[in-house]
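The values are calculated or read from the model by the stated rules, or taken from the named source; none is laboratory data. Here the structure is a predicted model, which means the values were calculated and not measured. Don't worry about glycine lacking a Cβ; one is built from the backbone with ideal geometry, like all the others, and counts go over all protein chains shown.
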Amino acid sequence: MKFRWIAFGLAAVFTLGAATASAYVEFPTEALFVEKKEVSFSAVTGQDMKLSCDDIEFRLGLDSGSLRGLTVTGLPAEQEGVFLLDGVPVALYQELSREEIDRTVFQSGTSDSAKMTFLPDAGQSVQTTMSVSVSQTLNLPPVAQDGSFSTEKNIPVESKVTVYDPEGDQVRVQVLQAPKKGCLRFDGIYFRYEPFRDMVGSDCFTFTVVDKSGNYSEQRRIDIVIEDSASGFRYTDMVGNPSHYSAIKLAENGIVTGEQAGNSYFFRPEDQLERGDFLVMLLAAAGYEGELAPCVNTGLTNDSALPAWLKPYVRLGLDKGILSGDSFGYEEIPTRAEAAVMVSGAAGMEDVTRSSIDLGDREQIPSWAVQDYLNLLGYRMLDLYDGCAHPNDPLTRDHAADLLWQSVKYRQKYR
């Protein structure tokens with residue numbers, strides 16, 4: 001066990017030529033440390049929190065085995081607790097070797113938090129603050145999931161990582177291995193992956209999620225497939241729209257196509273979609289078109305108001321559990337919540353019970369649509385790019401494209 005004393009105040013006196021004048025310059029403590037870092041841990045009242053060299057390396061983003069030791073530059077206040085090495089309190093400016101770090105524990109005091117500062121011995125030393133959050137019960141780490149996405153060359157992916165924190169703590173994402181074929185940016189748990197120009201093939205990135213108490217999830221991986229487009233088909237008015245890929249795939253599968261003007265194609269992403277049109281598209285996406293049968297009367301109270309060509313679709317929608325009620329307003333604009341209910345019904349999945357609606361506007365979801373949102377979220381069939389469902393907004397063509405493409409993928413995977 002060694003001690004290293006570090007000077008925190010530096011002063012210099014400079015003599016100016018032959019004159020007797022002099023200049024006195026004082027450097028504050030902060031000038032010694034250009035960069036600062038903070039690592040967070042959680043502890044339980046009455047239980048020792050064991051330090052781990054490997055854990056500190058991970059939290060600091062250091063290579064495994066590169067932390068040779070640390071020098072303690074600040075200790076917690078008496079009421080906050082004490083750090084012990086082999087049962088002896090750690091001293092200020094004490095130098096701990098790698099092996100000694102692994103034998104050090106923290107014992108909490110009467111406060112619900114504690115702080116210690118140290119200089120890691122790993123190349124460039126950076127003043128680091130270790131913050132310990134103390135609670136009566138163990139704060140559990142977040143649970144994150146792997147994921148996979150597809151896109152076409154030069155089209156970005158916008159989505160989020162799937163994560164759950166048992167205590168509902170705010171979390172942040174820490175990228176461990178960056179992708180090699182594109183640029184990745186995170187905003188909270190939402191990310192945007194933009195492939196490099198004309199790049200195709202498989203790519204991936206790994207990440208972990210940390211909560212406010214410093215608990216880390218297990219390492220997870222997101223796989224991204226960048227498809228080559230032989231036709232080069234694109235919608236002129238969908239550039240930069242995160243639903244562009246869905247719209248392209250629907251066109252390639254003959255489900256929904258936009259309009260052509262000269263050599264350009266237009267999807268009209270912001271246009272609202274009528275309920276009847278969405279039903280026709282949804283039946284095609286779900287693979288039910290082959291079950292269409294002639295229908296003279298749908299049995300609905302407003303049957304006489306329905307166009308003859310639409311009646312087979314309405315009857316099939318009723319039979320498949322996509323539609324309910326005694327009338328069908330085919331010219332009405334459904335809300336996004338109503339569209340979600342239709343998509344959930346078309347999928348025919350069993351109700352998801354072990355899930356939650358982790359959305360910024362979950363209180364706005366109508367009670368009659370909550371289970372359907374749980375189902376779609378549970379099967380990752382909702383593409384929400386700002387963390388909100390906007391359930392009462394009118395259905396637009398770009399949001400419909402995402403719902404329909406998810407329906408195609410669900411059918412291909414489960415039916």
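Scan segment 165-183 and tell me whether some residue there is outside the structural domain of ASP55 (by the TED database), in contact with a His (Cβ under 8 Å, 6 or more places away or on another chain) and over 27 Å from LEU140 (Cβ atoms).
no
Going by the conditions given, is ARG362 farther than 25 Å from LEU316 by Cβ, surrounded by fewer than 14 Cβ atoms within 10 Å (Cβ to Cβ) and among the basic types (Lys, Arg)?
Taking the combined requirement at face value, the residue does not satisfy it.
Name the residues in segment 94-122 that are part of a loop (DSSP other than H, G, I, E, B) and under 25 Å from GLY65 (Cβ atoms), would you?
If the condition is that a residue be part of a loop (DSSP other than H, G, I, E, B) and under 25 Å from GLY65 (Cβ atoms), then ASP102, ARG103, ALA122 are the ones that fit.
Considering each residue of segment 176-207, count those that are part of a strand (DSSP E or B), over 24 Å from CYS388 (Cβ atoms) and without any contact (Cβ under 8 Å) to a residue 40 or more places away in the chain, and give that number.
Total meeting the criteria: 8.
Does ARG354 fit the bill of being over 18 Å from the mean Cα position of the chain (by Cα), under 19 Å from ILE322 (Cα atoms) and surrounded by fewer than 20 Cβ atoms within 10 Å (Cβ to Cβ)?
No.
What are the residues in segment 229-252 that are in a loop (DSSP other than H, G, I, E, B), within 29 Å of the chain's Cα centre (by Cα) and not small (Gly, Ala, Ser), if any?
ARG234, TYR235, VAL239, ASN241, PRO242, listed by residue number.
For segment 141-159, name all the residues that are within 20 Å of ILE357 (Cα to Cα) and surrounded by fewer than 19 Cβ atoms within 10 Å (Cβ to Cβ).
VAL143, GLN145, ASP146, GLY147
Out of GLU26, GLU30, GLU80, which single residue is of a type in the set (Asp, Glu), surrounded by 10 or more Cβ atoms within 10 Å (Cβ to Cβ) and modelled with pLDDT under 95?
Going through GLU26, GLU30, GLU80 in turn, the sole match is GLU30.
State which residue pairs qualify: first residue under 16 Å from LEU377 (Cα atoms) and in contact (Cβ under 8 Å) with a residue 12 or more places away in the chain and inside segment 401-413, second residue among the charged types (D, E, K, R) and crowded, with 17+ Cβ neighbours inside 10 Å in any location, beta carbons under 6 Å apart, and separation of 6 or more residues or different chains.
Pairs that qualify, where the first residue is under 16 Å from LEU377 (Cα atoms) and in contact (Cβ under 8 Å) with a residue 12 or more places away in the chain and the partner is among the charged types (D, E, K, R) and crowded, with 17+ Cβ neighbours inside 10 Å, are ASP402/ASP383; TRP405/LYS249.
Can you tell me which residue in segment 136-162 is nearest to PHE205 (Cα to Cα), limited to those that are assigned to a strand (DSSP E or B) and touching a Ser or Thr at 6+ places or on another chain (Cβ under 7 Å)?
Once the filter is applied, the top-ranked residue is GLY147.
Can you pull out the residues in segment 301-331 that are part of a loop (DSSP other than H, G, I, E, B) and aliphatic (A, V, I, L, M)?
LEU306, ALA308, LEU310, ILE322, LEU323
Pick out the one residue from ALA286, ALA308 that is under 24 Å from LYS413 (Cα atoms), assigned by the TED database to the domain that holds VAL370 and either hydrophobic (A, V, I, L, M, F, W, C) or without any contact (Cβ under 8 Å) to a residue 60 or more places away in the chain (or both).
Just one listed residue meets the conditions, ALA286.
If LEU84 satisfies every condition in (1) among the aliphatic types (A, V, I, L, M); (2) touching a residue at least 40 places away in the same chain (Cβ under 8 Å); (3) part of a strand (DSSP E or B) but one, which is the exception?
(2)
Given the condition assigned to a loop (DSSP other than H, G, I, E, B), under 15 Å from SER125 (Cβ atoms) and either of a type in the set (Gly, Ala, Ser) or touching an Asp or Glu at 6+ places or on another chain (Cβ under 8 Å) (or both), answer yes or no: does some residue in segment 52-64 qualify?
Yes: segment 52-64 contains one or more residues that are assigned to a loop (DSSP other than H, G, I, E, B), under 15 Å from SER125 (Cβ atoms) and either of a type in the set (Gly, Ala, Ser) or touching an Asp or Glu at 6+ places or on another chain (Cβ under 8 Å) (or both).
So THR298 clears everything in (1) outside any loop (DSSP other than H, G, I, E, B); (2) buried (at least 17 other Cβ atoms within 10 Å of the Cβ); (3) of a type in the set (Val, Ile, Thr) except one condition, right? Which one?
Just one mismatch for THR298, condition (1).
Does SER243 count as surrounded by 15 or more Cβ atoms within 10 Å (Cβ to Cβ) and either modelled with pLDDT of 95 or more or at negative phi (or both)?
yes
Mind telling me which of the residues ASP398, ASP393, ASP402 ends up being at pLDDT 95 or above, among the acidic types (Asp, Glu) and more than 23 Å from GLY147 (Cα to Cα)?
Selected residue: ASP393, the only one of ASP398, ASP393, ASP402 that is at pLDDT 95 or above, among the acidic types (Asp, Glu) and more than 23 Å from GLY147 (Cα to Cα).
All but one of (1) at pLDDT 95 or above; (2) under 30 Å from ASP112 (Cβ atoms) hold for THR206; state the number of the condition that does not hold.
(2)
If the requirement is being in contact with a Phe, Trp or Tyr (Cβ under 6 Å, 6 or more places away or on another chain), not assigned by the TED database to the domain that holds VAL157 and not aromatic (Phe, Trp, Tyr), which of these qualifies: ALA401, ALA347?
Exactly one of ALA401, ALA347 is in contact with a Phe, Trp or Tyr (Cβ under 6 Å, 6 or more places away or on another chain), not assigned by the TED database to the domain that holds VAL157 and not aromatic (Phe, Trp, Tyr), namely ALA347.
Among the residues of segment 208-228, is any assigned to a loop (DSSP other than H, G, I, E, B), within 18 Å of the chain's Cα centre (by Cα) and over 27 Å from SER64 (Cα atoms)?
no
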